[in-house]
Amino acid sequence: MNEHHEKPQFSRLHFMGSQASEQQAQWYIVGIPYDGTCSYRPGSRFAANAIREASWGLEMYSPQQNASLENVSYYDKGDIELPFGNCARTLTLIHSATQQTLQQQKKWLGIGGEHLVTLPTVQAYAKHFPQLAVVQIDAHADLRSEYIQEPLSHACVMHHISKIVSPQNITQIGIRSGTAEEWQWMHKHNSLFTCKDTLQQRLDLWKDIPIFLTIDLDVFSPGIFPGTGTPEPGGFTWNEFMEWLLQLRNLNIVGVDVVELAPHYDTSGISNILAAKVIREVLLMVS
């Protein structure tokens, strides 16, 4: 009998290619399992681990960017432990985690969770980067001042962010749903871009400004991404999304989040894979 005993290796679920040492990483991946203000179909609190698992079905290499995650420095810190049912404390904990990330001179890539989780992250980023601007890729405007008399709702996240960074520092892409008041707001502040040439004119002015990029995955067509709490007919194909995303490649993107996957509404698992691929492409683009 062979007396040699090989030492077993243990691992936890993490996004593919995550480095073993957080000290050496440039980006922190952080799961944010919260969907307490979901207005239609809950379940996005289960997104982070679904994305992590799906990521192992992808290649590290992106042919669209001719780049590989093998050359990107990131560490998956796991999920923040959040008190489900306590919105105020949840937002405080997300804010604290973001602050700690910035104090350690790392960059944040959050995996939501509902879109409200972006608010405390942007609050922390705006303190660290006073000139911060925000790019929102989304199906919904999220500019309501309240939803069913609740101001702290995922439907209100960009309204609150506009008070932090000012309306002229918000760029919105992919929006196809909102109230009449939200559309009026976007037209008034010229925040919505539907033409890549017009967007490029703004981006040329934003090259040296720190940018937080927030991606709500319901920007995709429900035909290719049904796994979300508020599906909206229409939307991007994968190639259309990449065309818009890569237009941002020369910006100074200092933080990102990817939100609103609700994995249980897509039993095929395709939505999970698409979400993981979005994160792969974002990491390659910003690194």
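Here Rg and Dmax of the Cα atoms in Å was computed from the coordinates, and among (1) 18.5, 55; (2) 19.1, 62; (3) 18.5, 79 the match is (3). Under 20 Å of direct C-alpha separation, and excluding same-chain neighbours fewer than eight residues apart, LYS107 reaches these aspartates and glutamates: GLU22, GLU70, ASP76, ASP79, GLU81, ASP208, ASP216, ASP257, GLU281.
Dipole of the chain computed with +1 at Lys/Arg Cβ and -1 at Asp/Glu Cβ about the Cα centre; of GLN65, ILE148, LEU192, farthest Cα towards the positive end is LEU192. Between ILE209 and LEU246, the contour length at 0.36 nm per residue exceeds the alpha carbon distance by 11.6 nm.
Remark: accessible surface ordering of PHE193, PHE129 (largest first) is PHE129, PHE193, probe radius 1.4 Å.
Shape of segment 77-200 from its Cα gyration tensor (a ≥ b ≥ c, root eigenvalues): rounded if a/c is under 1.5, otherwise prolate when a/b > b/c, or oblate? It comes out oblate by the Cα gyration axes.
Accessible-area rank, largest first, for PHE225, PHE46: PHE46, PHE225, with all protein chains present and a 1.4 angstrom probe. Heavy atoms of the protein chains alone define the surface here; on that basis segment 31-82 has 49 Å² accessible area per residue at 1.4 Å probe size.
Per DSSP H run of n ≥ 4, the term is -39500 (n - 2.57); total these for the chain, divide by its residue number, and report the mean residue ellipticity at 222 nm rounded to 500 deg cm²/dmol.
Dividing the helical sum by the residues of the chain leaves -10000 deg cm²/dmol.
Working from Cα pairs under 8 Å separated by at least six residues, relative contact order for segment 147-255 is 25 percent. For the chain, the relative contact order comes to 23 percent (Cα pairs under 8 Å, sequence separation of at least 6). The protection proxy used here, the mean number of other Cβ atoms lying within 10 Å of each residue, ranks peptides 228-240, 201-213, 100-112 as follows, highest first: 100-112, 228-240, 201-213. Across segment 96-162, the mean sequence separation of Cα contacts (distance under 8 Å, 6 or more residues apart), normalised by length, yields a relative contact order of 32 percent.
Measuring against 32 Å, Cα to Cα, the residue pairs LYS77/LYS163; LYS77/LYS127; LYS106/LYS188; LYS77/LYS196 contain LYS106/LYS188; LYS77/LYS196 as the ones spanning a longer distance.
The values are calculated or read from the model by the stated rules, or taken from the named source; none is laboratory data. Keep in mind that this is a model prediction, so the values were computed, not measured. Heads up, the Cβs are rebuilt from the backbone with ideal geometry, glycines too, and the neighbour counts pull from every protein chain shown. Surface accessibility is based on the protein's heavy atoms, side chains included, excluding ligands, DNA and RNA. Shrake-Rupley method; radii C 1.70, N 1.55, O 1.52, S 1.80 Å.
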